[in-house]
Structure formats: structure tokens, C-alpha cells
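J.: Below is a structure I'd like to ask you about.
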Number of protein chains: 10
Amino acid sequence: MSTKPSKDFETFPNPRPGREYLISIDTDEFTALCPVTGQPDFAKIFIDYIPEKLCVELKSLKLYLWSYRNEGAFHEDVTNRICDDLVSALEPLYIKVRGDFNIRGGVRTVVTVERDLRKKA
Amino acid sequence: MSTKPSKDFETFPNPRPGREYLISIDTDEFTALCPVTGQPDFAKIFIDYIPEKLCVELKSLKLYLWSYRNEGAFHEDVTNRICDDLVSALEPLYIKVRGDFNIRGGVRTVVTVERDLRKKA
Amino acid sequence: MSTKPSKDFETFPNPRPGREYLISIDTDEFTALCPVTGQPDFAKIFIDYIPEKLCVELKSLKLYLWSYRNEGAFHEDVTNRICDDLVSALEPLYIKVRGDFNIRGGVRTVVTVERDLRKKA
Amino acid sequence: MSTKPSKDFETFPNPRPGREYLISIDTDEFTALCPVTGQPDFAKIFIDYIPEKLCVELKSLKLYLWSYRNEGAFHEDVTNRICDDLVSALEPLYIKVRGDFNIRGGVRTVVTVERDLRKKA
Amino acid sequence: MSTKPSKDFETFPNPRPGREYLISIDTDEFTALCPVTGQPDFAKIFIDYIPEKLCVELKSLKLYLWSYRNEGAFHEDVTNRICDDLVSALEPLYIKVRGDFNIRGGVRTVVTVERDLRKKA
Amino acid sequence: MSTKPSKDFETFPNPRPGREYLISIDTDEFTALCPVTGQPDFAKIFIDYIPEKLCVELKSLKLYLWSYRNEGAFHEDVTNRICDDLVSALEPLYIKVRGDFNIRGGVRTVVTVERDLRKKA
Amino acid sequence: MSTKPSKDFETFPNPRPGREYLISIDTDEFTALCPVTGQPDFAKIFIDYIPEKLCVELKSLKLYLWSYRNEGAFHEDVTNRICDDLVSALEPLYIKVRGDFNIRGGVRTVVTVERDLRKKA
Amino acid sequence: MSTKPSKDFETFPNPRPGREYLISIDTDEFTALCPVTGQPDFAKIFIDYIPEKLCVELKSLKLYLWSYRNEGAFHEDVTNRICDDLVSALEPLYIKVRGDFNIRGGVRTVVTVERDLRKKA
Amino acid sequence: MSTKPSKDFETFPNPRPGREYLISIDTDEFTALCPVTGQPDFAKIFIDYIPEKLCVELKSLKLYLWSYRNEGAFHEDVTNRICDDLVSALEPLYIKVRGDFNIRGGVRTVVTVERDLRKKA
Amino acid sequence: MSTKPSKDFETFPNPRPGREYLISIDTDEFTALCPVTGQPDFAKIFIDYIPEKLCVELKSLKLYLWSYRNEGAFHEDVTNRICDDLVSALEPLYIKVRGDFNIRGGVRTVVTVERDLRKKA
């Protein structure tokens, strides 16, 4: 497996397909650049998902998050983007992504995006 | 952008219009004057909203909160006012504002205002 | 305003009549006498209410709680009484009062009384 | 009142019959003997109940819990027994008893028993 | 009773058959080997179940968890397996198993599996 | 023993005279009146002492602290007074009294008085 | 007493002159303006002192801290200034002032100034 | 080894004689009877010692603490007694025993006994 | 002032030269690359110093820490380097730098470097 | 580098020889077998050392701790042994090792070993 930052996820087959269970992943090692000032932003990222056929491989998730290190990213946008990229790669039954961004100007921001793909049918 | 206290909000377009997701903002840097005694009050402010077309720009939110610094404001009233001003500026789908005011006379007060504008239809 | 203990509340008009929002008040400065032994009891008091026409003025609430200082009061009874007295004075839409009494004989007691006056109609 | 361990409860009349409100009692001073090894077990006990006609007097509750001090008691059984004994004595509208037992062999056990006697009708 | 690691559970009869109550067990002493690298993994395990006819004996649960010590086990798989093995042995009315795995590469993973066997009927 | 508030302490003989060891007592159930406004003040009291011939009996300490309930007392003065009264009654080798008073006007005050009577010789 | 912001302290005579004891005061209600940007800064202030002849009256301390509300003040400077102003007003035996300033640019600053005036002799 | 309460300690040889190192043991499972009222008392016990030739075997320490279960014991006395019994059995270089007794009458008591046997020579 | 990462510090004159007082700065927004694997590392950095003639300007400190973002840096080395660079720029009387690095392989590392330049004379 | 458990440490040269600074390492992933019962024990291990010529490489430390996984080890002995093995490999100026072992029989044990090799001269 590569050890370079990458927007691609590696996946592996869900070991219990057909059962709805929850996988929760969190990290406090997310950093990107402010698209306006170019200065570093830091966040904690929390991901909850119910897999269908695929699970995300953890090291590739780490490389994915690393890929934002030198990119500009607005709080509201990047949280939605992480969610959508995971949906594309995993096609999970349900997913929630929360980005908890460090204080700027005395203000803390948390963005929470939730998609329930079971409702489609 | 101005760096003066101001009752006006700057906004930017919601990067994912059409999706209901939550933006949570909190600060422990709110201060106003007691309208009866003229002495300083301090509070933590917590804002949760689901944007429709617009998001609030964080620096202008900070300047907005700053604008109360030398104004008199009752706990119950100011929490409602922050909520209503954000509704006017953002027309969000949903908003909740909580003001958690410092102890006075051994008593702590928290005011919580919630408006769900999706129910209108 | 008086600065003597008093069973009367002062009130002020709800600044947003017609909107259901929550006012939460708590204090860890409640003390009364045990009606059996005459010895002091201590409690934390938590009040949540949705105002209709009136809000309780905080200083008068403090004087009200003070009025129990030299009275005997059973845990279960006094929590109900605080709730009922606030209902009489404020006629709120909803109220919850919680009394969290200090450990006696290795045992802690919490009494929670809730009244929803919106159900009457 | 006696100061000997006892399986009998003393009660007093509910000061607000006809109103559903919650009384919560907890202690970290419960100890019994392991029925297999005869060695001491320790637990925290949490009781929540909605009284109908009777409330439990706190000192007699303490003497009741004391009565297990030199008796053997399985975790699952004793938690159910405390619940049932309180139901017999108080005939409450609702009761929940939780026994949170100290770590044995690296494992902590919590047993939660809930009975809603309002459902009978 | 044996003191060797074992995949078999010992059980004892539920002392209150016919009543739905919750037994919660947790330990921070779970360790297995990473099936890819062969290196040790560590986790906290949380189990909640509603017994029907049988309860799990705690020491045998400890020996069961010990049996993973020198086995390879993926996070998602092992949490499901613990759940399924307990279902086979106890045939409970309901069970939830949560595996909270230590940080690897800056990322923490929690897997939660829940099975409600009351829904079958 | 009396159950009335009292400025007198009961004592009992130190069970290990000749050994310097520490007895630490704390309570969060101290209340007095503000000598200026007459309104209630609340504090936590922490006492550490090394006994010589006498130890303070705990119930009489509780009655002593109760005796301030309806007296006016400045923060700085009352903490010194508790210390001096215990010195008079116990003649300990060492004592420290700390009064940690609740927030008034946004400000918390802690007064710490320490007397080492071993230095006299 | 005035209720206006003021750089003057009111004092009262130390009730135990001749004894070295500690008075500790803290508040999380300090705010000033950044002298460079003019924007509000927030801090917690902690004061410890050993009085000689005078103690500071708490309400005047509150008015003193209030007086910085609309003044520019550097972190390092204002903490030294509070310390020096208290020394001028109280001539204490010892004083320590700590200013714990809110996060700016991801960085928190704490300034601690200590003066021991007993060393002069 | 016995599994009955016992005032005797089992010991084993210090694995590093000649080196001063610290062994710290604590439990929150100590209970005795109040010698005045006969009612149960509960405490946390903390032991720190530097061994010379012997270490205390943990199970025998547990049986020793168990032996107080149905004995009367004053707070100040029992803490000294545990310390002295360990000194007799282990002849350590240093020992500190702390008994942290549960709240009675709103008051918590902690007794700390320390003996440094290195000072004898 | 620049808003680019930079190894240069800006300084300003100490507002109280001649007095020894402590300035403490901490951030949880430090990230560098592992010099072996090239992957991101994260740390909290804590700085305490006693200024002599100069203080470090906070924004330039932030830009300095930012300058490590895309550099390789060993834990032990980078903590020493931050310390030495601050000594070169500020010539403080005393400085301590602590780097608290995130868990890798289940292991957390903290490096603490302290230099007292007052001892030179 | 190997990825097998090993009693050998890899080291690298201290990047700042001649300066006394502290390296602190901790892990909650230590497990060994009880030498009496053969059952698993778990501990947190804390290491502080001042390097002279060598630092321990973290991955080899992890492999070293792993090497105890299937060995019997008494609490007091293993903590001393980890300390002594690090001294042999690193010849540091100072080292402290603390082993904080999980609760067994209601009792927690912490063993602390400290060696200051600077005192030899």
C-alpha cells in the first residue's frame, strides 16, 4: 500500500454483509489550509457509517485525510466533501461525518453532515 | 471586511444547498451590560442551524456579538434577539440559540430559543 | 426591591410572548432545616420553564429560596412546593423543578417534578 | 426507629398523591458476600421511582441495604430482589433499580431492572 | 472451572425468567493480534444483553476474551464474532456488543453490533 | 450529645499521642450571612490538623459550623476565627483552615490560614 | 460605594494583622481591547496575596477590572499593571497575579507576576 | 492460601533488596462498623511503602482489610492500626497509609499516617 | 507582518525589564513530517519563559511553528531546536519547552527541554 | 527493523548530548501473564529518562514491551526489570519507570522505580 497522501480509498469486503452495524472512526489529526488566508486550520474528524458491501481500510483513510494538508478547504465544504467521497467509495447504508474545527477569533465551529441511503428505496 | 462591531452579518452561499446538515458555532466571549445596573454581564453563546441558501461568515458573527459589548441586554431578550437577527440574515431551515449566562447572586441562567422554519409550509 | 427573604415572586413580562422557549435556572445555594431533627439540609435546585406571559425576576427567586433557610422542609415536599409556587406566580406553559439533596447516611436523594400546562386545553 | 439491619421498609405518605413525579436515590455503600466464594462484593445502587401512595423513608432504606452485608447475593439476583422488595412495600407507579458492581477479574457488571406498574391497567 | 483460555461459555439460569432486564458488562482487558502485521491490538469491550433463559458466567466470559490473545482478528470481524458467539450460547432476547479499539496511525475505531431477537416472532 | 448549633467543641483523646499524623476534614455545607447586606453566603471549609492530645469530635464540629448560620461573617475574618477556635479547643501541633466562598459579582474568594504551633518552642 | 468602573481600590483593615495568611481571588470576567487591532480580548485573572494592614474590598476590585473594558492592554503589560496597582493600594507582604488569556491564532498565553515584599528588609 | 478474613499478612521476598523503590496500593473496598452506633462505615485505603526485605502479598492484604468488616473502628485509630500492622509484618523502610472515609453529616474525613523507619539509625 | 511560515521571530521590548516574571504559551496546532516515513506527526507545544529584554510576538511564533509543517523533524531534536531558536531570538533569563507528541504504535512521547541562563554568571 | 517481540532495544544518538533534558514515554498497552495463575495481567507503563549518549528507538521499545506478552511477571519484579534493561541499553543519566497494574481483587497496585546515575561520581 502507498504511503503518500491520496484522494483514493482502499476498501475491503464487509465481513457481515446483510447485518446493519455501526463503524465509528475518529481522529484529531486533520489539518488543511484556510482558503482565504492560506494559514493552517486544525480539526477533529468523526465518521460513523453502516457498511453495505465495503468497509474503508484505515490506512487509506489516513492517507485521504493527509491529502488535505496543503489544500485550501472551507469548514462547511470540506466536511460535506469527506462525506460525499466516502459515499462514492463505500456506498454505505448510512453515514455521518462531523468536523470539529479549532477556535478562530474566539469561536469554535462544528459541521455535521448525515446521509441515510436506506431511504432511497 | 470591517473590524468594527456591527449588527450586520456577512453571508456566503451554502456550499451544499438542498442537503440538510448542521452547523454548530459556540463562543465563550460574549459580554453585554445589565440594563438595570449598567454592570457587565458575561455569557457563553451556542448556535446550531441548518442552512438553506446562506451561511454566516464567522468574522462577521464575531463582530455582531461584539456589538453588544456596550449595550444593555436582558438575558431572555438578547438570546431571542440573536436568534431573530440570524433568521433575518440567513433564513435558515432551522436554528437554535442558547445563552448560558454567568452566575449572579448564586444563580445561573440559561435561555434556549429554537425555531424550525421547515414547519411553515 | 426588598432584600429580605420572601415567599413572593416578582415577575416581568415575557419579552417574546407567543414563542415557546426555555429558561433554565440553577443554584447550589439552597438550604433548609430537616423537619424531624431541625438540622440543616443543603441542596442544588434546577428549574426549567417555558414562559407564557411572565418571567420570574432572578433576585426575587433568590429571596424566595432564601425564605426556606429557617423552615423545616421534607425533600419530596419542598421540591413539589417550589414547583407549585412558581406555577401560581408565572402560569408558565411548562415547568420542571429538580432538587438534588446532599448525602445523608451515605444516600443521595434527587426529586424531580414536571408539570406541562399545555396539556390542559 | 431501629438502627439494626432489616429487610422491612418504613414508609410515609406521598406528599403529592395524584401527581407523577420522580424520586431518585443512590448510594455507593452497598456490600454483600459472593455466594460462591464467600468474599465481599461491593456495588453502587441507583433507585428511581414514581410514588403512588407511599414513599420510602431513607433511613429504613439504608438499614435494608445494610441487611445484605453478611448475606450471599448474585449480581443479577440481588438487583431484581431489591426492585421487587421495593415494589411490595411501596406499590409505586414505576421503578428502576440499577446495581453497578465493582470490577472482578478485569470485568465490571451493571444490572438494570425496570418495572412500569402503570401498564397493568 | 477451568482457568485456560476457551471459546466455550459457561452459563447459569436467569434468576428472573419472564422479565426483561438489562445486564451490562465491560472490560478494558481485551487484546488480540493484527491479522496483517501480527502485532498486538488492544480494545475495550462493552456488552449489553437482555437474558431469556441463560446468563453468561463472568469467569468464562473472561476466559473467552482471553482466547483471542494469540489469534489474529480484524476489528469489524471480531466484534461481530463476539456478538454471534454470545447469541449462540445464551440465546438472549437482545444483545449489543461494542469494541473500542486503541489508536493506530492517529485513528481510533469503534465497532458496534446490535441484535434484537425479539423481532423474529 | 446536643443537636443544637453551638460554639463549643467536643473532643476525644488522640488515639496515637506522640505520633505526628494528619487529620483532614472538609464540608461543603457552610453558610453564614453577609454582615453588610444580611444575605446568605455559602462556602466550602477544609481543615487539616496534626493532633497533640485531643481530636475534634465530628458531630460537634458540624454543630459549630452550624452556629454561623444566622450570624454575619466576613470571609477573611471567619476563616481566621474557625482556625483560632479550633486551636483553643484542641491545642493541635499544626492546623490549616481554608474557606472557599461562592462566587459573588463574578469573583470567587478563598482564604487560607495556617498555624504551626510546633515552632513556638 | 460607586458602581462605575474605576482605577481606585477601596480597602478595609486586615482583621488579623501580624499573621501571614493567604487571600485568593479569581474571576473569569476580565475583558479588554487589543491595543493593535482594537478587538476584544478575554482572560481569567487569578490573584493571591498575603495582606499586611489592608485587604481589598471585592466590589471595588470588580470595578477596577471593569475599568479595562474599553482600554487597550497588552497581555504582558496588563498583568504587571494589575499587580503593581494592587501593591500601591494594599502594600501587601506578598502578591501573585496570573492572567490566563483566551486562545488567539491557536495559541493560549498565561502571564504570571509575583512580588514578595517581605524580602525588602 | 486461605480465603477467610485474617489479621495475618503473607509476605514474599523483595525482588530488588538494596534498592529504594515505591509500591503503591489502593482499594475502595474497605468497610468497618462505627464503634458508637454499630452502623457500617466505608472508606478508600491508600498504602505507599518502600520495602526492605519483604513485600506484602496482595491477596492476604485483601483478607486483612476484610477482617475489619464486622469490627468497630474509629477513623483515626484504624488508619494508625493498619499502618502499624504493616510495619510489624514487613519492617519496610518507609510507609504511608491514608484512609479516606465517606461523608457523614455532610463532613468527609481523611486520616494520613506516615512512618519513615530510615530515620531511626 | 508577514503571513508566511518563517523561521524568524518578531520581538517587542519587555514591558517590565528588571522583574522576573513568567510568560507561558501553549498550542495544540503543531504538525511536522516524520523524517523516516514522511508521514505527518502532530504535537502540543508548551513554552514557559522569563523574559529579559525581549518578548516574542505571538503571531510570529505561530508562523515559526507553521514553518515545520512540511519539514522532517525527530521528536527529541525538534523540541531542542524550538528551545534553542527562542534562546537565540529572545535571550531570555529562563526557558522551558515541552513537546507532547501524539500516540504512535500505542506509545506517547513527551520531550521537555529546560535552560536556565541565569546560572551562567 | 524487525516486527517480532524482542528483549533487545535499538537506539539512536542523543541529538543534544551534554544537555540534561527529559524524555517521557507512556503506553497503556502492556500485558503479561500472572506467574502464579498463568492468567493475563494488564498495566500502563510510564518511562521518564534523561539521555546521555543514546535514546531508545520507539518501535523497538514497543517490541520490547510486547516480549512480555506470554511470559510470567510479578508486578514488583517486572517494573524493576524494565528499568534495569533500559539502563543497560541506554546508560541514561536518570530514569524512572512506573507500572500501574489493573485492579485485581478490588486492589490496584502501582510500582515506581527511580535510578539517578548522576549520583555515582
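The numbers here are math on the coordinates, done by the rules we state, and not lab data. The model shown is predicted, which means the values in this text are computed figures rather than measured ones. No Cβ is skipped: glycine too gets one built from the backbone with ideal geometry, and neighbour counts run over all protein chains shown.
J.: Connecting C-alpha atoms closer than 10 Å in a GNM of chain D, tell me which of D:I95, D:I47, D:I25 has the biggest fluctuation.
T.: Looking only at D:I95, D:I47, D:I25, the largest GNM fluctuation is found for D:I25.
J.: For chain D, which span is the longest to avoid every loop-located (per DSSP) member of trypsin sites (Lys or Arg not before Pro) having at most 14 other Cβ atoms inside 10 Å?
T.: D:54-121
J.: In addition: So who's got an amide H within less than 5 Å of the one on H:F9, skipping anything under 5 residues away but keeping other chains? H placed 1.01 Å off N, in plane.
T.: Amide H neighbours of H:F9: none.
J.: May I ask which of I:K7/J:K7; F:K62/H:K96; H:K96/J:K53; F:K59/G:K44 have a Cα-Cα span longer than 30 Å here?
T.: Listed pairs above 30 Å: I:K7/J:K7; H:K96/J:K53; F:K59/G:K44.
J.: By its C-alpha gyration tensor, with a ≥ b ≥ c as the square roots of the eigenvalues, how is the protein assembly as shown shaped: rounded for a/c under 1.5, else prolate for a/b larger than b/c, else oblate?
T.: Because its axes are fairly even, with a/c under 1.5, the protein assembly as shown counts as rounded.
J.: Choose one of D:S67, D:N102, D:I23: the residue whose Cα lies farthest towards the positive end of the charge dipole of chain D (beta-carbon charges +1 Lys, Arg; -1 Asp, Glu; about the Cα centre).
T.: D:I23
J.: Please get the size of the charge dipole for region G:43-87, origin at its Cα centre, with Cβ charges of +1 on Lys and Arg and -1 on Asp and Glu, quoted in debye to the nearest 20.
T.: 260 debye
J.: Considering the rotation that carries chain G onto chain A, locate the chain G residue whose Cβ comes closest to its axis and report the distance in whole Å.
T.: Residue and rounded Å distance to the axis: G:I103, 2.
J.: Counting only DSSP beta bridges with both residues in region F:23-116, tell me the antiparallel percent, nearest 5.
T.: Roughly 95 percent of the DSSP beta bridges within region F:23-116 come out antiparallel.
J.: Short version: ³J(HN,Hα) in whole Hz for each residue of region C:56-63, in order, from phi by Karplus 6.51 cos²θ - 1.76 cosθ + 1.60 (θ = phi - 60°), x for Gly and Pro, what are they?
T.: Those phi angles translate into 8, 6, 5, 5, 5, 5, 4, 5 Hz.
J.: Helix-only estimate, please: 222 nm mean residue ellipticity of the protein assembly as shown, summing -39500 (n - 2.57) across DSSP H runs of length 4 or more and dividing by its residues, to the nearest 500.
T.: Result for the protein assembly as shown: -6500 deg cm²/dmol, rounded to the nearest 500.
J.: Neighbouring Cβ atoms within 10 Å as the yardstick, rank C:C55, F:C34 fewest first.
T.: F:C34, C:C55
J.: Within 10 Å of each candidate Cβ there may be at most 12 other Cβ atoms; applying that plus a DSSP loop requirement, which GluC sites (Glu not before Pro) in region G:68-121 survive?
T.: Passing both the DSSP loop test and the Cβ count: G:E71.
J.: Let me spell out the model: positive unit charges on the Cβ of Lys and Arg, negative unit charges on the Cβ of Asp and Glu, origin at the Cα centre of region F:19-121. What dipole size does that give, in debye rounded to 20?
T.: The dipole of region F:19-121 has a size of about 120 debye.
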